[in-house]
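What follows is a set of notes on a single structure, which appears directly below.
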Amino acid sequence: MSMLNEKVVIITGGGSGIGRATALRFAALGAKVIITGRRAAALEATTAGHPGIIGLVADAADPDDAGRAVDHAIGCWGRLDVLVNNAGAGAILPLAEARAAEIERILAVNVLGPSLLTAAALPHLAAVRGGIVNISSTFGHRPAVGLSHYAASKAALEHLTRCWALELAPQGIRVNAVAPGPTESEALTGMMNLSAAQAATVKEQERQRIPLGRRGEPNDVAAWIVRLADPASDWVTGQVIAIDGGLGLT
Ligand SMILES: NC(=O)c1ccc[n+]([C@@H]2O[C@H](COP(=O)([O-])OP(=O)(O)OC[C@H]3O[C@@H](n4cnc5c(N)ncnc54)[C@H](OP(=O)(O)O)[C@@H]3O)[C@@H](O)[C@H]2O)c1
């Protein structure tokens with residue numbers, strides 16, 4: 001039996017892509033999962049047929065929703081073992097077009113939200129010596145034209161991962177991150193607001209740049225999120241694991 005059986009997990013942004021694949025993987029191992037997101041229909045598409053996954057409409061950028069998500073997990077299942085900060089915001093935003101509201105939106109979802117949710121979760125994670133997995137990006141440690149604020153927000157999340165790992169180690173809480181490369185999901189047409197034709201062009205360009213010759217599937221990333229959360233990885237903390245087909249090496 002998996003060491004994740006009966007563990008309780010919160011995953012932000014569980015209604016699609018990497019978050020959905022991660023929720024299904026935890027549930028298949030017997031974990032109880034709360035997924036959050038802004039669209040109820042997307043959450044229902046993940047929870048359908050999976051009694052071990054519960055959806056909660058919550059906005060990662062809203063400070064009030066951090067406490068609500070943790071309270072929901074405790075109310076439903078009485079404990080919290082794992083937090084996956086997966087919800088992400090981004091934009092193709094050349095510096096000349098940068099505006100305060102757009103920068104604030106990206107930072108609110110990618111930096112403020114994980115900070116407040118993690119803070120709200122701390123007493124419960126400490127009680128069970130639990131774990132946190134943050135979702136960065138190749139661009140969290142590699143520069144990219146037109147993506148500076150998305151990239152900087154993910155760089156912040158990578159450094160929060162290392163700082164929190166040190167700060168929380170005395171409580172037995174492990175903090176790690178995965179940095180996915182280009183992965184099939186709604187990210188290009190949703191988060192990055194590209195048309196279907198633009199997304200198809202970007203996907204082909206990305207595929208050609210990835211040494212292993214293909215874009216990732218959500219399960220490629222989900223497998224490592226679950227692995228880092230698993231108590232079997234209990235001597236690993238403060239690490240950012242690139243799951244990117246080798247893109248970060250180029
Ligand atoms: N796919 C890639 O190529 C790639 C590469 C590197 C890193 N990543 C990172 O991987 C993570 C997951 O992205 P994905 O690729 O799986 O994209 P996705 O399919 O667009 O999933 C993102 C999820 O986050 C939710 N979300 C967005 N803003 C939210 C908010 N304010 N509050 C709550 N939920 C929110 C979305 O649901 P709602 O719209 O319903 O809220 C959506 O279900 C993100 O952090 C992203 O930056 C992705």
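The values are calculated or read from the model by the stated rules, or taken from the named source; none is laboratory data. From a predicted model like this one, the values you see are computed outputs, not experimental measurements. Neighbour counts run over all protein chains shown; Cβ positions are idealised from the backbone, glycine included. Ligands, DNA and RNA are excluded from the accessible area calculation, which covers all protein heavy atoms including side chains. Shrake-Rupley method; radii C 1.70, N 1.55, O 1.52, S 1.80 Å.
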(message) Please determine whether any residue of the stretch 130-139 is away from the ligand (no atom under 13 Å from the Cβ), at pLDDT 95 or above, part of a helix (DSSP H, G or I) and under 25 Å from Arg79 (Cα atoms).
(response) no
(request) Tell me which residues, restricted to the stretch 2-23, are part of a strand (DSSP E or B) and within 14 Å of the ligand (Cβ to nearest atom). (result) Ile10, Ile11, Thr12
(request) Give the stretch 91-110 a look and list any residue that's near the ligand (Cβ under 9 Å from one of its atoms) and either over 21 Å from Leu147 (Cα atoms) or touching a Leu at 6+ places or on another chain (Cβ under 7 Å) (or both), or say none. (result) Asn110
(request) Can you tell me which residue within the stretch 183-212, out of those that are closer than 19 Å to Gly113 by Cβ and open to solvent by less than 40 Å² (accessible area, probe 1.4 Å), is nearest to the ligand (Cβ to nearest atom)? (result) Ala187
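Please enumerate the residues belonging to the stretch 94-111 that are in contact (Cβ under 8 Å) with a residue 12 or more places away in the chain and not in a helix (DSSP H, G or I). Please lay out each step first, then the result.
Taking the stretch 94-111 as the starting set, the residues that turn out to be in contact (Cβ under 8 Å) with a residue 12 or more places away in the chain are 94-95, 98, 102-103, 105-111.
Of everything in the stretch 94-111, those that are in contact (Cβ under 8 Å) with a residue 12 or more places away in the chain and not in a helix (DSSP H, G or I) turn out to be Pro94, Ala98.
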(message) Show me the strands (runs of 3 or more DSSP E) found entirely inside the stretch 24-93 where at least 1 residues are in contact with a Phe, Trp or Tyr (Cβ under 7 Å, 6 or more places away or on another chain) and open to solvent by 30 Å² or more (accessible area, probe 1.4 Å).
(response) 32-37
(message) I'd like the residue in the stretch 213-224 that is in a helix (DSSP H, G or I) and not hydrophobic (A, V, I, L, M, F, W, C) and, out of all such residues, is most open to solvent (accessible area, probe 1.4 Å).
(response) Asn219
(request) Within the stretch 225-247, track down each residue that is over 17 Å from Lys7 (Cβ atoms), crowded, with 18+ Cβ neighbours inside 10 Å and touching a strand residue (DSSP E or B) at 6+ places or on another chain (Cβ under 8 Å). (result) Thr237, Val240, Ile241, Ala242, Ile243, Asp244, Gly245
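Kindly indicate whether Arg25 is closer than 24 Å to Arg129 by Cα and touching a residue at least 60 places away in the same chain (Cβ under 8 Å).
yes
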(message) So Phe139 ticks every box in (1) within 24 Å of Leu80 (Cα to Cα); (2) surrounded by fewer than 22 Cβ atoms within 10 Å (Cβ to Cβ) but one. Which box is left unticked?
(response) (1)
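For the stretch 52-72, give me the residue count where each residue is more than 11 Å from the ligand (Cβ to nearest atom) and under 23 Å from Ala223 (Cβ atoms).
3
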(message) For the stretch 158-182, give me each residue that is crowded, with 23+ Cβ neighbours inside 10 Å and near the ligand (Cβ under 10 Å from one of its atoms).
(response) Val178, Ala179, Pro180, Gly181
(request) Give the residue that is surrounded by the fewest Cβ atoms within 10 Å (Cβ to Cβ), with candidates limited to residues of the stretch 1-20 that are small (Gly, Ala, Ser) and within 11 Å of the chain's Cα centre (by Cα). (result) Gly17
